[in-house]
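The values are calculated or read from the model by the stated rules, or taken from the named source; none is laboratory data. What you see is a predicted model; the values in this text were computed from it and never measured. Virtual Cβ from ideal backbone geometry, glycine too; neighbours counted across all protein chains shown.
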Amino acid sequence: MKRLSAIAAVAAGLLSLVAFAPACTSPEGEGTTFGALDSPPCWQGPFDLAPDFFGTIAYRSSVLYRVQQSSDNESFSDGFTMVVEDIEKVKSQLDVPLIVTLPPEVTAPGIPIVPEADPGNVHLSLYLLKTCKTQTVTLHAVREVSFDDVGAACDVTPLPGATSDPACDSAPFATTGRGDGKSRIVFHSIFAGDTATLASEPRRTRGCFDVYLADPREVSSRTLGPPRCRGHLRGTFDFLYRRSRPSQPFP
C-alpha cells in the first residue's frame, strides 16, 4: 500500500528528469484558473491563479506541465502540475471529456487499492507554496468528491471577461456553482512529444478543465466514499512547447 508521500509519485518521477530532458520555459501561452478553495488556515474562498508561466517536460510517452503564477522556482510559487501518462492516448481522444484522477497506485494509509475500469490518464495537483509559505498546501484533483459540510467552498463564480471554451461551457461541465463533483478535462491539441520539431501545431497544448480538489487522507476508511471537496477550479490553457536549456538546481 502506498503512503500519502507517494501522492505525487508520477509527477516527482518526471521532475527528477528535468536535468536530463529538454525543458520548456515559454512565455508563448495564455490560460485561466479560477474557482474556490477550502484549505484552512491558508485559503478559504474565491481563488484566481492568473497564470503567466507554462512549462513542459516531456519524457518518452509522458509529459508533465507546470502552469503557475510567475516563472520563479516551484518552491516559491503558486501553480499546478499536470501529468499526462500517455500522450498518444490523449491524441486519440481530442475534444472528448476525459476524467482527471489520482495516479491509480496512490492511496492514503488504511485505504485499499481498488481496481478501476478506467484508472485515468491525466493527473493534476495544485500547490500554494508562495501564498501559504511554511504551510505545505497541496490539493489533488480526484475522480469525485463529496459535498458534505462544504458550504459554498466548491461553488465557482465565472470571472468577468475571462477566456471561455465552448467545450467546457455545457453539461456535464459546471459553468457556475457546484456541479456534479467529477473532475474532467478536454484537450483540443496536445504537444506531440517531438522535441526537435519547429512546426507550431505539434508543439501546441490547448484545452479546458473543470476539476475538484481534495486531500486524499480524508477518504473514509469505513465507507470508502469520496473525500470531502476542498476546491473546485475551472480553467483554460493554450501554449507552445519551446525547447530551452534544461533547468538546473543551481546557477
Inset, instruction - Identify the residue in segment 195-220 that is within 19 Å of ALA141 (Cα to Cα) and among the small types (Gly, Ala, Ser) and, among all such residues, is farthest from the chain's Cα centre (by Cα). - result: SER220
Inset, instruction - Check whether at least one residue in segment 103-111 is of a type in the set (D, E, K, R), loosely packed, with under 14 Cβ neighbours inside 10 Å, closer than 19 Å to THR223 by Cβ and touching a residue at least 24 places away in the same chain (Cβ under 8 Å), and report yes or no. - result: no
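Filter segment 165-206 for residues that are on the phi < 0 side of the Ramachandran plot and small (Gly, Ala, Ser) and give the result.
Residues satisfying the conditions are ALA167, SER170, ALA171, ALA174, SER183, SER189, ALA192, ALA196, ALA199, SER200.
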Inset, instruction - Go through the residues of segment 189-202 one by one and say whether even a single one is closer than 26 Å to PRO115 by Cα, in a loop (DSSP other than H, G, I, E, B) and not acidic (Asp, Glu). - result: no
Legend entry - Selection count where residues are assigned to a strand (DSSP E or B) and under 23 Å from GLU30 (Cβ atoms), scope segment 155-188: 6
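Does ALA152 satisfy being in a loop (DSSP other than H, G, I, E, B) and either of a type in the set (Phe, Trp, Tyr) or surrounded by fewer than 16 Cβ atoms within 10 Å (Cβ to Cβ) (or both)?
Judged against the criteria, ALA152 is a match.
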Inset, instruction - Answer with yes or no whether PRO97 is modelled with pLDDT of 90 or more and touching a Lys or Arg at 6+ places or on another chain (Cβ under 6 Å). - result: yes
Inset, instruction - Identify, from the list LYS130, LYS91, the residue that is out of contact with any strand residue (DSSP E or B) (no Cβ under 7 Å at 6 or more places or on another chain) and either farther than 18 Å from ARG217 by Cβ or of a type in the set (Ser, Thr, Tyr) (or both). - result: LYS91
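For segment 126-149, name all the residues that are farther than 18 Å from PRO46 by Cα and either touching a residue at least 12 places away in the same chain (Cβ under 8 Å) or buried (at least 19 other Cβ atoms within 10 Å of the Cβ) (or both). Steps first, please.
Of the residues in segment 126-149, the ones farther than 18 Å from PRO46 by Cα are 133-136, 142-146, 148.
Of everything in segment 126-149, those that are farther than 18 Å from PRO46 by Cα and either touching a residue at least 12 places away in the same chain (Cβ under 8 Å) or buried (at least 19 other Cβ atoms within 10 Å of the Cβ) (or both) turn out to be GLN135, VAL142, ARG143, GLU144, VAL145, SER146, ASP148.
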Legend entry - Those residues of segment 59-69 which are surrounded by 14 or more Cβ atoms within 10 Å (Cβ to Cβ) and over 17 Å from the mean Cα position of the chain (by Cα), in sequence order: TYR59
